[in-house]
Amino acid sequence: MGLDSSLYEIDANLITANFGFIKGNNYYKIKNASVELAYWRKHFSLNCWMNEMYERKGGKDLQLDSVVVVDLNDLNELEMFIKSQKNEDWSRYERPEDQELDIQVIQKAKQSILNEKKVYYYASW
């Protein structure tokens with residue numbers, strides 16, 4: 001057990017809200033139409049950053065098994081944040097290559113948005 005999180009792309013017309021869209025009857029429709037861009041195991045720092053972003057968008061608390069749409073502005077902000085971190089500042093980046101992998105994921109997600117997809121973050125225990 002532990003924190004598992006992913007970044008997905010999906011056709012933009014399937015999502016009409018910034019969060020709360022993967023509950024009830026929509027769950028399988030959304031999950032089956034989604035393409036995983038990245039998967040992280042126990043990336044608590046990223047999850048905390050996403051929670052703060054979720055709250056800025058009007059969410060109350062990014063509970064596990066919740067989702068939030070990530071737009072280009074969010075990805076640009078996240079990329080700048082990651083690049084500004086020293087290894088000791090963000091526990092995930094004990095190895096420089098981990099930081100570079102997250103930057104690559106952000107670039108892939110940006111390309112998905114430019115290709116008229118929506119990108120969302122999902123975390124669960």
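The numbers here are math on the coordinates, done by the rules we state, and not lab data. Model, not experiment: these values are computed from the prediction. Here Cβ is always computed from backbone atoms with ideal geometry, including for glycine, and neighbour counts include all displayed protein chains.
Summary of values
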item	result
Full-extension gain in nm, SER124 to TYR28, via 0.36 nm per residue minus C-alpha separation	33.0 nm
Label-to-label distance, nm, for residues given as ASP71 and ILE103 (7 Å Cα→Cβ offset)	2.6 nm
Net charge over other residues, Cβ less than 9 angstrom from the Cβ of ALA38 (K, R count +1; D, E count -1)	-1
Long-range amide H partners of LEU37 with built H, under 5 Å	LEU7, TYR8, GLU9
Relative packing of peptides 38-51, 103-116 - highest average C-beta neighbours within 10 Å first	38-51, 103-116
